[in-house]
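Worksheet: one structure, shown below.
The values are calculated or read from the model by the stated rules, or taken from the named source; none is laboratory data. Please read these numbers as outputs of a predicted model, since none were measured by experiment. Don't worry about glycine lacking a Cβ; one is built from the backbone with ideal geometry, like all the others, and counts go over all protein chains shown. For the accessible areas, the whole protein counts, side chains as well, though only heavy atoms, and no ligand, DNA or RNA atoms are used. Shrake-Rupley method; radii C 1.70, N 1.55, O 1.52, S 1.80 Å.
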Amino acid sequence: METITLGQNGPAVTPLCIGTWAWGDKFFWNYGDRYGPEQLQEAFTAALEAGVTFFDTAEVYGMGKSEKFLGQFLQQTQQSVQIATKFGPLPWRFTAQSVSDALTASLKRLQLQQIALYQVHWPFAFFLSQKTLMNALADEVKLGRIAAVGVSNYSAEQMRDVHQILAARGVPLAVNQVRYSLLSRQIESQGIITTARDLGVTILAYSPLAQGLLTGKYTIDGAEIPSGARKRDARFKKEGLQKIAPVISLLRNFGEKYDRTPAQVALNWLIAQGNVIPIAGVKTAEQVRQNAGALGWRLSDDEIGELEQVSRPWL
């Protein structure tokens with residue numbers, strides 16, 4: 001399995017990341033309904049068997065349950081696994097000590113001494129300035145509790161600002177985790193992906209399958225109905241599905257050529273952008289195996305261009 005270095009000198013990780021938002025989350029993903037701890041353990045094992053050893057979580061996922069599950073599963077393997085988690089700059093967190101305390105709690109749940117990638121979950125820090133926050137994270141890098149620092153949902157300008165603060169401490173900004181898929185290409189038009197390349201920052205792409213829309217599972221005439229909060233998402237209604245039909249059709253065409261699914265083609269398109277690692281959310285071992293099918297092959301330049309053209313309405 002090839003690897004990608006996070007940022008300029010961060011950990012080397014697999015080109016696909018396993019997302020664990022659903023691990024313990026009842027509100028959005030209906031944890032406990034048709035999947036539970038046993039299915040999550042199987043998904044973790046299936047990922048390692050497929051050679052995918054990079055997992056993304058956050059302290060807020062399942063109110064800490066996601067981190068706890070990963071911590072339990074990590075104890076059962078000798079394989080090298082890289083964990084990325086996230087700090088939430090909540091209103092009552094306004095000191096450097098609050099950052100350190102949150103990291104300590106995440107490390108405890110994950111049963112780790114060091115986190116490969118520690119990310120700031122969103123850019124609005126309320127009473128905690130970005131300077132205080134980034135210096136606190138730089139301190140933790142020096143202490144060895146964080147291998148690399150990342151951010152999430154930061155604009156191009158915000159990325160440049162925190163990159164400069166960290167650089168003054170000799171710490172590179174490794175990652176910006178943002179929404180990115182064929183149906184969410186705003187990071188291109190907003191200059192985020194160009195800025196990331198200029199700064200040597202890796203893009204982690206969340207919702208790379210647009211919460212299931214790019215799987216081809218949801219169609220105008222189909223009986224498949226999304227679960228949880230997605231039931232209220234207009235994109236899954238008839239008009240939304242009609243709009244994305246040309247994209248799904250092209251994904252199916254290329255999938256037939258390579259004996260791959262539309263989802264695998266959509267993930268491959270993201271990987272082909274370079275310096276982009278998709279985070280594919282999973283609940284089951286079968287979903288892991290499906291997502292891993294995006295690896296080990298590559299769309300042609302012409303096919304990448306065709307997908308770029310058909311998805312231009314989402315720039």
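Share of Cα-Cα pairs in the stretch 24-180 beyond 26 Å, in percent? Kindly include the intermediate steps, with their values, before the conclusion.
Numbers: 3376 of 12246 pairs.
Here the tail beyond 26 Å accounts for 28 percent of pairs.
Any idea how far apart Ser300 and Ser189 come out in nm if each label point goes 7 Å out from Cα toward Cβ?
Result for the modelled spin labels: 3.0 nm.
Need the C-alpha centroid separation for the stretch 42-84 versus the stretch 1-21, integer Å.
14
Any idea of the accessible area per residue across the chain, 1.4 Å probe, to the nearest Å²? Each step should come with its number before you reach the end.
Numbers: 13720 Å² over 315 residues.
Accessible surface, normalised per residue, equals 44 Å².
Residues of the stretch 38-62 with the amide nitrogen closer than 14 Å to a label point 7 Å from the Cα of Lys26, along Cα-to-Cβ, please.
62
What pairs in Lys257/Lys283; Lys26/Lys238; Lys65/Lys237; Lys26/Lys86 have C-alpha atoms more than 24 Å from each other?
Numbers: Lys257/Lys283 28 Å; Lys26/Lys238 26 Å; Lys65/Lys237 31 Å; Lys26/Lys86 19 Å.
Result: Lys257/Lys283; Lys26/Lys238; Lys65/Lys237 exceed 24 Å.
In whole Hz, with x marking every Gly and Pro, tabulate ³J(HN,Hα) for the stretch 61-72 from phi via Karplus 6.51 cos²θ - 1.76 cosθ + 1.60, θ = phi - 60°.
Coupling constants for the stretch 61-72: 5, x, 6, x, 5, 4, 4, 5, 4, 4, x, 5 Hz.
List, in order, the whole-Hz ³J(HN,Hα) value for each residue of the stretch 252-260 obtained from phi through the Karplus relation with A = 6.51, B = -1.76, C = 1.60 and θ = phi - 60°; use x for Gly and Pro.
Ordered by residue, 3J(HN,Hα) equals 5, 4, 5, x, 5, 5, 9, 6, 10 Hz.
Summing -39500 (n - 2.57) over the DSSP H runs of n ≥ 4 in the chain and dividing by its residue number, what mean residue ellipticity at 222 nm do you reach, to the nearest 500 deg cm²/dmol? Please list the in-between numbers first.
Numbers: 11 runs with 125 residues, N = 315.
It comes out at -12000 deg cm²/dmol, rounded to the nearest 500.
What does the charge add up to near Ala136, with Lys and Arg as +1, Asp and Glu as -1, over the other residues with Cβ less than 14 Å from its Cβ?
Working: positive: Arg93, Lys131, Lys142, Arg145, Arg169; negative: Asp101, Asp139, Glu140.
That works out to +2.
Given the peptides 194-200, 182-188, 28-34, arrange them by the average over their residues of other C-beta atoms within 10 Å, most packed first.
Details: 194-200: 16.6, 182-188: 19.7, 28-34: 14.9.
Those peptides, ordered most packed to least, come out 182-188, 194-200, 28-34.
Measure off, as a whole percent, the carbon and sulfur share of the 1.4 Å-probe accessible area of the stretch 60-109, all protein chains present.
Numbers: 1320 of 2390 Å².
Answer for the stretch 60-109 is 55 percent, counting heavy atoms of protein chains only.
Given 0.36 nm per residue, what is the gain on full extension from Ser155 to Gln113 after removing their alpha carbon distance, in nm?
Details: separation 42, 0.36 × 42 = 15.12 nm, distance 3.09 nm.
Contour length minus Cα-Cα distance gives 12.0 nm.
What number in nm² do you get for the chain if you take the convex hull of its Cα atoms and divide its surface by four? Provide the component values of the computation, followed by the final result.
Details: hull surface 61.3 nm².
Mean projected area of the Cα convex hull: 15.3 nm².
Provide the gained length on full extension for the span Arg34 to Thr77, in nm with one decimal, where the gain is 0.36 nm per separating residue minus the Cα-Cα distance. Don't skip to the end; give the middle numbers.
Details: separation 43, 0.36 × 43 = 15.48 nm, distance 2.57 nm.
Extending this stretch completely gives an extra 12.9 nm.
Given a Förster radius of 45 Å and the C-beta distance between Thr284 and Thr95 as r, what FRET efficiency does 1/(1 + (r/R0)^6) yield to the nearest 0.05? Present the calculation step by step, with values, prior to reporting the outcome.
Working: r = 41 Å, r/R0 = 0.90.
Rounded to the nearest 0.05, the efficiency is 0.65.
If you find the alpha carbon centre of the stretch 90-120 and of the stretch 126-172, how far apart are they in angstrom?
What the calculation gives is 13 Å, centre to centre.
Once R0 is set to 22 Å, what does the formula 1/(1 + (r/R0)^6) return for the Cβ-Cβ distance between Thr5 and Gln164, expressed as a FRET efficiency to the nearest 0.05?
Values: r = 21 Å, r/R0 = 0.97.
Calculated transfer efficiency: 0.55.
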